[in-house]
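Structure record follows, encoded as structure tokens.
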Amino acid sequence: MSRVIIRRKKSFIERFRNFNIYLDGDKVMSVKNGEQVVLNITPGKHLIIIKIDWNTSNSIIFELKEGQTIQYKVFVDGFFRAFYHAIAKPNKYLVLKEEPVRDKHHGAKH
């Protein structure tokens with residue numbers, strides 16, 4: 001198995017709502033404000049996107065090898081930009097970015 005870690009930055013915006021994680025088109029999990037989750041997935045090519053209502057993040061296609069871990073952070077792109085994106089560009093409301101893998105086990109839900 002391989003792993004994808006999703007870390008949601010703590011934020012005032014949408015702090016009481018969960019972000020839904022979609023892997024290869026299927027909802028697999030949610031992440032709360034300031035938390036991180038770990039997805040155990042099969043190696044290979046995958047597509048990930050984060051959603052909240054009709055607003056989404058950018059989608060990312062990635063490929064994992066057996067035993068590999070990759071980490072992403074997700075966040076709302078600032079108050080004023082979030083307001084604009086919610087209306088004009090809902091696919092840019094959330095930002096999903098790869099980041100270096102931190103502590104692989106600390107503070108993560110499985």
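Among the listed pairs 10/92; 65/92; 10/65; 27/97, which have their C-alpha atoms separated by more than 26 angstrom in this model? Don't jump to the answer; show the numbers that get you there.
Working: 10/92 18 Å; 65/92 29 Å; 10/65 30 Å; 27/97 19 Å.
Table pairs above 26 Å Cα-Cα are 65/92; 10/65.
Using the Karplus curve 6.51 cos²θ - 1.76 cosθ + 1.60 with θ = phi - 60°, work out ³J(HN,Hα) for each residue of the stretch 16-25 in order, rounded to whole Hz, and write x for Gly and Pro.
9, 10, 8, 9, 8, 9, 10, 10, 6, x
Going Cα to Cα from residue 51, which aspartates and glutamates come in below 18 Å? Please leave out same-chain ones fewer than 8 positions away.
Cα-Cα hits under 18 Å: 14, 24, 26, 35, 77, 98.
Take each of the peptides 9-20, 43-54, average the number of other beta-carbon atoms within 10 Å over its residues, and list them starting from the highest.
Numbers: 9-20: 13.4, 43-54: 15.7.
Sorting 9-20, 43-54 by mean packing, highest first, produces 43-54, 9-20.
What relative contact order, as a whole-number percentage, does the stretch 7-67 give when Cα pairs under 8 Å and 6 or more residues apart are counted?
Details: 103 pairs, mean separation 18.8, N = 61.
It rounds to 31 percent for the stretch 7-67.
Which order do peptides 28-38, 61-71 fall in by mean Cβ count within 10 Å, highest first? Mind dumping the intermediate values first?
Values: 28-38: 16.7, 61-71: 12.9.
Ranked from most to least packed, the peptides come out as 28-38, 61-71.
A short reminder: the numbers here are calculations on the coordinates, not readings from a lab. Predicted, not measured: the structure shown is a model, and the values here were computed from it. Don't worry about glycine lacking a Cβ; one is built from the backbone with ideal geometry, like all the others, and counts go over all protein chains shown.
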